[in-house]
Amino acid sequence: MTDDWDVVVIGAGGAGLAAAVAAADAGARVLVFESEDAVGGSTMLSAGMFTAAGTSVQASLGISDSPAAHFQHTMDLNQWRLRPGLLRSFCERSRDTFEWLLQLGLEVPAQRSTNAHMPGLTRAGVEDVWRGHVPAGEGYGLVEVLDRARRQRGVELVLRTRVERLLVTDGRVRGVVADGIEVPAAATVVASGGLTRSPELLERFYPDALRAGEHLFVVSAPGSRGDHIGFGEQVDAAVAGSGWGMLLVTAYFQRLHHWQSGFPPAARILVDDRGRRFMDEDASYAVAAGIVDDHGGRAWMIFDEAGRLSLAPGYPHWSAEHVLAEAAAGRTHRADTVADLARAIGADPDVLITTLERWNETLPHGQDPEFLRHETLAAKGARPPAPIVTAPYYAVRVLPAELAVSHAGLLIDESARVLDGAGRVIPGLFAAGEASGGILGNRYVGGGTAVANAVVNGRSAGAAAMSRTPSAV
């Protein structure tokens, strides 16, 4: 290991690997520190979906789109609470970075995908145009491509080593300290992940996540401890995205990501505590938690015996056997009539009966005039669900409890340079992924936004870090 580095990268997830590859392509001598046993971070655990507009894959499918349209939609959905210049640059660079990934060997077939785990182009958020590019191999496939590129470029990787602090001299970041050893570098890229694994930092930067109490579970990488916050405090870095993150609405008994826990019955409705339906049950995770929050912060999922028996076997949580065990334990409510089920959950029997009658008369026949769920199902290539008419009936408490992403990160500019509290560039310091702030807003727009944020800004950070090192200017 050399003692003379142009760029040190903290973290080897999607952001860190992209930064390392880009810096190496610019001629840098790069060292990457990863706190865990393997590369990948939260990107490895994701579907690997990458949101971008105006791509070659979209064009192959005859879809007209542009970074300008991507920018407008994202800004509008986030009520223009993001920095326009930063987001416009991100949307423009997303297309170029996606094409760069294809050149590195990422495989995204030019076909329509009906879900987040089928390679191709899909709609997994609330995009106005399908922009979710799902790669072969999902998150593992994306990480494999980036890590192969890292190895081919001779970038050195140190695993199981957590960076303790930055080296700072005369206001400039000049490397890091890891395992008590000073590692000088002309530029440092912070790509250490989010803060979802730190209850203390959640209390400071995303307290809404803690409202789920004992039901809260985290699906991001173990290394998401919020190290970027401590690094930023060393140099008075500004933080953007405080109070924002992504919570998914899940059943109280879930403890794993939904593709590991299993999937609820297609024939289900969500009702409030009074027993009234209030949303499309297949609404995107991007907005579902906000809708539930508007109706008391929790809901009841209602389905029948036929729905329970339709559950796919082999999953630890959403399986016919597990639901039955939860009902036997009294944690999931079960009753032979809809009226009795309503009384069990404290709802108005007349309201719940009317709600179910209305639902049975509409969506199973192909239309949902109130919440347009038939359109969501059609986009997924799914058939209308069966009526909910087979006793016994079940009620499962659901709430925003699956914590996937935190949005509070070090504020960056268009070149992924970290800014201080006065808006000045902090020399020698860059950030990307969840460790950076300013791209992920109060609404998570489209599936793959977090992955794109990681790779796009990681690539920008690596290239800019090398171009601004003293040896390169």
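Under a crude label model (7 Å from the Cα following the beta-carbon direction), how far is His365 from Arg172 in nanometres?
7.4
How big is region 3-62 on each of its three principal axes, counting only the C-alpha atoms and giving the largest first in Å?
Here the spans come out as 51, 28, 12 Å, largest first.
If eta is 0.692 mPa s and T is 37 °C, what Stokes-Einstein diffusion coefficient results for region 51-91, Kirkwood Rh from Cα pairs, in µm²/s? Kindly include the intermediate steps, with their values, before the conclusion.
Values: Rh = 10.7 Å.
Answer from the Stokes-Einstein relation: 308 µm²/s.
What is region 356-473's relative contact order, in percent, from Cα pairs under 8 angstrom and six or more apart in sequence?
The normalised contact order for region 356-473 reaches 18 percent.
Can you pull the accessible area of Val219 for me, 1.4 Å probe, Å² to the nearest 10?
Using a 1.4 Å probe on the heavy atoms, I get roughly 20 Å².
Sort 413-421, 17-25 by the packing proxy (mean of other Cβ within 10 Å over each peptide's residues), most packed first.
Answer by packing, highest mean first, reads 17-25, 413-421.
In square nanometres, what is the average projected area of the Cα convex hull of region 5-155?
9.3
Given the -39500 (n - 2.57) contribution per DSSP H run of 4+ residues, what per-residue ellipticity at 222 nm results for the chain, rounded to the nearest 500 deg cm²/dmol?
Computed ellipticity for the chain at 222 nm equals -10000 deg cm²/dmol.
Run through all the Cα pairs of region 330-383 and give the fraction in each 10 Å bin from 0, expressed as whole percent.
23, 36, 31, 10
Can you give the extra length, in nm with one decimal, that the chain gains between Phe263 and Arg112 once fully stretched, where that is 0.36 nm per residue apart less the Cα-Cα distance?
Going from the current span to full extension adds 52.2 nm.
For region 246-405, would you read off the P(r) tail past 18 Å as a percentage of all alpha carbon pairs? Spell out each step's value before the answer.
Working: 7192 of 12720 pairs.
Everything past 18 Å amounts to 57 percent.
What is the antiparallel percent of DSSP beta bridges lying wholly in the chain, to the nearest 5?
65
Which of rounded, prolate or oblate describes region 365-473 when judged by the alpha-carbon gyration tensor and an a/c cut-off of 1.5?
Because a/c hits 1.5 or more and a/b exceeds b/c, region 365-473 counts as prolate.
Output needed for region 105-206: three equivalent-ellipsoid semi-axes, defined as square roots of 5 times the C-alpha gyration tensor eigenvalues, in descending order, whole Å.
Semi-axes, largest first: 35, 21, 13 Å.
Under a plain spin-label model, where a point goes 7 Å from the Cα along Cα-to-Cβ, how far apart in nm are Val389 and Glu164?
Result for the modelled spin labels: 7.0 nm.
Over the chain, what is the mean sequence separation of C-alpha contacts under 8 Å (at least six apart), divided by residue count, expressed as relative contact order in percent?
For the chain, the relative contact order is 25 percent.
Can you list residues whose amide H is under 5 Å from Lys380's amide H, if they're 5+ apart or on another chain and H is modeled 1.01 Å from N?
Under 5 Å from the amide H of Lys380: no residue qualifies.
Taking the Cα atoms of region 47-134, report the difference between the largest and smallest coordinate on each principal axis, in whole Å and largest first.
Rounded to whole Å, the extents work out to 34, 25, 24 Å.
Per residue, what volume in Å³ does the Cα convex hull of the chain take up?
It comes to 136 Å³ per residue, whole-number rounded.
Take the alpha carbon gyration tensor of region 190-269, find the square roots of its eigenvalues, order them as a ≥ b ≥ c, and report rounded if a/c is under 1.5; if not, report prolate when a/b exceeds b/c, else oblate.
It is prolate, given that a/c is not under 1.5 and a/b is the larger ratio.
Tell me the carbon and sulfur percent of the accessible area for the chain, rounded to whole percent, probe radius 1.4 Å.
Numbers: 8930 of 18220 Å².
Answer for the chain: carbon and sulfur cover 49 percent of the accessible area.
Please report the relative contact order for region 96-232, taking Cα pairs under 8 Å with a sequence separation of at least 6, and give it as a percent rounded to a whole number.
13
Divide, for region 396-458, the radius of gyration over alpha carbons by 2.2 N^0.38 Å, where N is the residue count.
Values: Rg = 14.0 Å, N = 63, 2.2 N^0.38 = 10.6 Å.
Compactness ratio reported: 1.32.
Can you give me the distance in nm between label points at Lys380 and Ser415, each placed 7 Å from the Cα along the Cα-to-Cβ direction?
4.5
Using a 1.4 angstrom probe on the protein heavy atoms only, could you order Glu138, Glu321, Glu164 from most to least accessible area?
Descending accessible area places them as Glu321, Glu164, Glu138.
Run the dipole for the chain about the Cα centre, Lys and Arg Cβ at +1, Asp and Glu Cβ at -1, nothing else charged, and hand back the magnitude in debye, nearest 20.
420
Compare Val9, Val425 by solvent-accessible area with a 1.4 Å probe and give them largest first, with all protein chains kept in place.
Details: Val9 0, Val425 60 Å².
Solvent-accessible surface, decreasing: Val425, Val9.
The values are calculated or read from the model by the stated rules, or taken from the named source; none is laboratory data. Model, not experiment: these values are computed from the prediction. Every residue, glycine as well, gets a Cβ built from its backbone with ideal geometry; the counts of neighbours run over all protein chains shown. Just the protein is used for accessible areas: all its heavy atoms, side chains included, with ligands, DNA and RNA removed. Shrake-Rupley method; radii C 1.70, N 1.55, O 1.52, S 1.80 Å.
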